[in-house]
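Some notes on the structure that comes next.
The values are calculated or read from the model by the stated rules, or taken from the named source; none is laboratory data. Just so you know, these numbers come straight off a predicted model, no measurement behind them. In this analysis, Cβ positions are derived from the backbone assuming ideal geometry, glycine residues included, and neighbour counts consider all displayed protein chains.
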Amino acid sequence: MYLYVLQFSFLRIMSKRKAKEAHLPIGECIDQVHLILRKRFCHQQLPDKLEGVEAQHKHLVELLKRTAVHGESNSVLIVGPRGAGKTTLLRSVLRELSEVTEVQKNLLQVHLNGLLQTDDRIALKEITRQLHLENVVGDRVFGSFAENLAFLLDALKKGDRSSSRPVLFVLDEFDLFAHHKNQTLLYNLFDVSQSAQAPIAVVGLTCRLDVLELLEKRVKSRFSHRQIHLLSSLTFPQYVARVQTQLSLPDDFPDGKFVREWNAAVATLCEDKSVEDVLRRHFNSSKDFRSLHMLLMLCLSRVSVAKPVITPADLLDASRSCLADAQANMLHGLSILELCLIIAMKHLNDVYEGEPFNLQMVHNEFKKFLQRKSNSMYNFEQPVIMKAFEHLQQLELIQPADSSSAKTQREYQLMRLMLDHSQIMEALQKYPQCPTDLKQWATSAFA
Amino acid sequence: MAGLLDQPGYDEESLRRVSEQLPCRELQAGMLLSLMGQPQQYCYPSLFIYGHRSSGKSHVVNVLMKELELPHTTVSCVECISAALLFEQVLLSFFGCDAAAQLPRSPSISDFVRIYRQQSSQFPAKQTRFIVMEKAELLRDADANLLPALLRLQELVDDNVSVVLLSEIVWDKFRPNTGCFEPLLLHFPDYSKGELQQILSKDCHPSYSAEFYSSYINILLGVFYTVCRDLRELRHLAALNFSKFCEPVAAGKAKETETHKLWKNIEPHLKKAMQTVYLREVSSLQWEQMEEHEAGALRGLSAHTHVELPYYSKFLLIAAYLASYNPARTDKRFFLKHHGKIKKTNFLKKNEKTSNHLLGPKPFPLDRLLAIFYSVVDSRVAPTASIFSQISSLVTLQLLTLVSHDDQLDTPKYKCAVSLDFISAISRTVNFDIVKYLYDFL
């Protein structure tokens, strides 16, 4: 029996050693890579450690611990541009707190979102639901919001009725709550956090730096004016390092050799000169996580069994499609008649300095061009030109200058062109088989 | 990036069927599929596909969803005029009618997310679920919070769901003021002339050879390509005019290879089509009947406004046109028998931009209309009620527009709503030379 156990444990040690150098076929490796990286880029999986926000992290943990453990009410706003990592910061803080048993036992959480709870009434129903108090409330009718909230918090009192359980209110898209009528929800939450009714913590997340301007005076006075800013002060080398960490695979990947090769390839990628130029362009436009994830997602979509690495060409292509001018892409697909109309509009804009025009004026300008040219290739009837004009309106390349469309005939309605000079000239350069007389007409009105 | 046929995780046979149904769109379909990834992996929460109409956006997405049997729901924003319809349809497709029945009356998006979360915790997604929204530009007119919420639906419901928006308007015009979750943009470029030819040639008629049909398509594109590059319109025109093209061959007057003769036969026909069927002035049925009976002139929809007017109504209309397009100070010169000396310089100062025929008709009071009418009509006519009732019927026919408020009964103001061609045709019938009386043509 003893020998059997020894043999068994020996075999286990052997298999463990073998497992360290396990090799998966390349197809499965790529699948695993996609699985892991897609969770990271698309599903915003919480990383193990957040970088660059240690101070803010510590501050928030302290604050929430005080509420959860010591029953102290608090309110704080986390402010930062879109994609800066506000929700990630909060989730990481909550994860850390849940490891403290006292917090895990006591703290109740209510998560509200300004996009979903568009009304204070809906918000109150959601709070009731998330605190699991629907049965307690039943069919009771309350006189005011404050009464309802007080009742809910009262119902959370512990058995010995000494104090209520601490509640954490997370308000995502906080600035949208400020647009509700009278800001009732905000007023009451902050009121409770200032008075000694029940220990609550109110954490608001918003992308507006001027969020305090949106609050009414009575709401603002009850707010603790505590703000945590996530304005990224990243330098370019830190940004490149972040790209490298985002693309690297974790060590617990099943195939050790593949992971080493992959991570080495990622490191060489980040040192490549052309990649550096691309990353610098993106760094200069926005440093946040979301645009980075979009870029890396486009690169990831090109990783396959046939090409199991990310090459600099991938990054260049991804960058090009991220930064492409969408309007120029649409101009590429216009018919020649529509292009002629746009050139005519451009000339009208040049001569009359941006004043609105109508179809008759555009047609007139077009006719002047046709008179100069001998061939009648573009000699179309007015209704055909009207149809092309309407197509441009549907694409929103031209928009009505004012909204009085009821009483004027269609051909006399004033419009404005939503493209500028350089976009039109660039589109003409890229247009497939653009006739030369059109190009000449575009450069000079008298060609 | 793997080609369309090499995507892992999907059945090869289905991928082959997909690529057969998507000519000239293999590249875009491959890109879309590589972004979607394998069904059990996560996809980016929102994708925005933009491109001209008939560039294959809905077609590619629908073919991919159907052939690869992915759990999806296609919503046209034209049909879903209220958010409740959208919520119901999504819950019905993903979780069945029990889930859809749980939605309260006039549900808010909060109810929708709550019910979705409940259902997805019971039935978690084993494959990515897709919500495809066509004509997504109409979402901008819905509630302000609907579009941002849909873009981050994956995060809000914590499920493997992805929203695909299809539109012909670019994303820059969608973005809300305070920003939102940016979707991944994917562009479907327009078809080139060669690709259009390739796709249109697939509709070839079985009783004729493929080269014959492609020469027909060549001629059709030669006439219509400068004006229209919309695949659907071109297919419609090709289908309508093919029988006319085959007429000489069927009658034995020409052989299939004599392209010049066939071209001479069909070209005037196609030019007429551009003025009628292309503009939807006549229906396709009328067009086909016309081909069979070789009737004379085809009366289009705009031709129906050439109603036969009574004699005095025609003069009233002419007077209204003159009142709209001539400035008031020039009336003396045109309509008085002895207008005396008028300073030429002030009178003839015209800026091309202020030509009234470019700016549109101007409103005029009823008195001015009657004054011009009496000077233009050659016989003596009494101001009876029948004259005034004719003015009202002209307004009903929408040849005149009432500009003043309905309450103003004593000095109503009108505008003339007809074009120069129309009024020239009318004045010809009464032997009146209108161009002589128009200020812009002096």
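Assorted remarks:
- Test: residue in the range B:216-230 that is basic (Lys, Arg), within 23 Å of the chain's Cα centre (by Cα), in a loop (DSSP other than H, G, I, E, B) and within 14 Å of chain A (Cβ to nearest Cβ): yes
- The residue list B:SER392, B:SER379 contains one member that is assigned to a helix (DSSP H, G or I), over 29 Å from the mean Cα position of the chain (by Cα), more than 22 Å from B:PRO327 (Cβ to Cβ) and in the same structural domain as B:ALA328 (by TED's automatic domain parsing), which is B:SER392.
- Boolean, B:GLY96 is surrounded by fewer than 20 Cβ atoms within 10 Å (Cβ to Cβ), under 23 Å from A:THR87 (Cβ atoms) and free of Cβ contacts under 8 Å to residues at least 12 places away in the same chain: no
- In the range B:99-122, the count of residues that are closer than 21 Å to B:LEU33 by Cβ and polar (S, T, N, Q) is zero.
- Given (1) crowded, with 17+ Cβ neighbours inside 10 Å; (2) in a helix (DSSP H, G or I); (3) more than 14 Å from chain B (Cβ to nearest Cβ); (4) touching a strand residue (DSSP E or B) at 6+ places or on another chain (Cβ under 9 Å), number of the condition A:LEU212 does not satisfy: (1)
- Qualifying residue in the range B:103-120 (condition: touching a strand residue (DSSP E or B) at 6+ places or on another chain (Cβ under 9 Å), at pLDDT below 95 and within 30 Å of B:LEU27 (Cβ to Cβ)): no
- Among (1) more than 14 Å from every other protein chain (Cβ to nearest Cβ); (2) under 31 Å from the mean Cα position of the chain (by Cα); (3) surrounded by fewer than 21 Cβ atoms within 10 Å (Cβ to Cβ) - the single one B:LEU68 does not satisfy: (2)
- Test result for B:ILE115, of a type in the set (Val, Ile, Thr), in contact (Cβ under 8 Å) with a residue 12 or more places away in the chain and under 30 Å from A:LEU395 (Cβ atoms): no
- Residues satisfying the stated conditions in the range B:127-158, i.e. more than 10 Å from chain A (Cβ to nearest Cβ), of a type outside the set (Lys, Arg) and free of Cβ contacts under 8 Å to residues at least 40 places away in the same chain: B:ASP141
- Failed item, numbered, when B:SER419 is tested on (1) within 14 Å of chain A (Cβ to nearest Cβ); (2) among the polar types (S, T, N, Q); (3) over 35 Å from the mean Cα position of the chain (by Cα): (3)
- Hits in the range B:1-14 - residues which are facing another protein chain (nearest Cβ under 9 Å) and not in a loop (DSSP other than H, G, I, E, B): B:ASP6
- When the range B:162-173 is filtered for residues that are assigned to a strand (DSSP E or B) and either at pLDDT below 95 or facing chain A (nearest Cβ under 10 Å) (or both), only B:SER162 remains.
- Comparison of A:GLU147, A:GLU126 shows that the only residue that is part of a helix (DSSP H, G or I) and over 28 Å from B:ALA149 (Cα atoms) is A:GLU147.
- Residues that are of a type in the set (S, T, N, Q) and within 13 Å of chain A (Cβ to nearest Cβ) were ranked within the range B:20-52; the one that is nearest to B:ASP190 (Cα to Cα) is B:GLN28.
- Leading residue by the ranking (surrounded by the most Cβ atoms within 10 Å (Cβ to Cβ)) among those in the range A:314-346 that are at the interface with chain B (Cβ under 9 Å from one of its Cβ atoms), of a type in the set (A, V, I, L, M) and closer than 26 Å to A:LYS367 by Cβ: A:LEU334
- Some residue of the range A:78-92 being more than 13 Å from every other protein chain (Cβ to nearest Cβ), within 27 Å of A:ARG222 (Cβ to Cβ) and of a type in the set (S, T, N, Q): no
- Tabulated pairs, the range B:159-185, first assigned by TED's automatic domain parsing to the domain that holds B:LEU33, second hydroxyl-bearing (Ser, Thr, Tyr) and part of a strand (DSSP E or B), C-beta under 6 angstrom, 6+ apart or interchain: B:VAL163/B:SER46; B:SER167/B:TYR50; B:VAL170/B:TYR50; B:PRO183/B:SER46
- Qualifying residue in the range A:421-432 (condition: closer than 26 Å to B:TYR278 by Cα, in contact with a helix residue (DSSP H, G or I) (Cβ under 9 Å, 6 or more places away or on another chain), within 11 Å of chain B (Cβ to nearest Cβ) and loosely packed, with under 11 Cβ neighbours inside 10 Å): yes
- Residue match in the range B:191-203 (condition: within 14 Å of chain A (Cβ to nearest Cβ), in a loop (DSSP other than H, G, I, E, B) and under 22 Å from the mean Cα position of the chain (by Cα)): yes
Conditions tested, residue by residue: (1) within 12 Å of chain B (Cβ to nearest Cβ); (2) closer than 18 Å to A:ALA201 by Cβ.
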site	(1), (2)
A:VAL100	no, yes
A:LYS125	yes, no
A:ARG129	yes, no
A:LEU133	no, no
A:LEU152	no, yes
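- Residue that is farthest from A:THR268 (Cα to Cα) [pool: residues in the range A:294-313 that are more than 9 Å from chain B (Cβ to nearest Cβ) and in a helix (DSSP H, G or I)]: A:LEU295
- Among residues of the range A:358-394 being more than 11 Å from every other protein chain (Cβ to nearest Cβ), surrounded by 18 or more Cβ atoms within 10 Å (Cβ to Cβ) and touching a residue at least 40 places away in the same chain (Cβ under 8 Å), the one that is nearest to the chain's Cα centre (by Cα) is A:LEU392.
- Test: B:ARG17 is of a type in the set (Lys, Arg), away from chain A (no Cβ under 14 Å) and touching a helix residue (DSSP H, G or I) at 6+ places or on another chain (Cβ under 9 Å): yes
- Criterion (within 22 Å of B:PHE181 (Cβ to Cβ) and either without any contact (Cβ under 8 Å) to a residue 24 or more places away in the chain or acidic (Asp, Glu) (or both)) met by exactly one of A:ASP288, A:ASP317: A:ASP288
- Of the residues contained in the range B:54-63, one or more are found to be within 11 Å of chain A (Cβ to nearest Cβ), of a type in the set (Gly, Ala, Ser), buried (at least 16 other Cβ atoms within 10 Å of the Cβ) and not in a helix (DSSP H, G or I).
- Among the residues examined, B:VAL78 does not qualify as surrounded by 16 or more Cβ atoms within 10 Å (Cβ to Cβ) and in contact (Cβ under 8 Å) with a residue 12 or more places away in the chain.
- The residues of the range A:168-211 that are in contact with a Lys or Arg (Cβ under 6 Å, 6 or more places away or on another chain) and farther than 20 Å from A:LEU131 by Cβ, listed by number, are A:ASP175, A:GLN194, A:LEU205, A:CYS207.
- The set of residues in the range B:248-258 being closer than 13 Å to B:TYR216 by Cα and surrounded by fewer than 16 Cβ atoms within 10 Å (Cβ to Cβ) consists of B:GLU256, B:THR257, B:GLU258.
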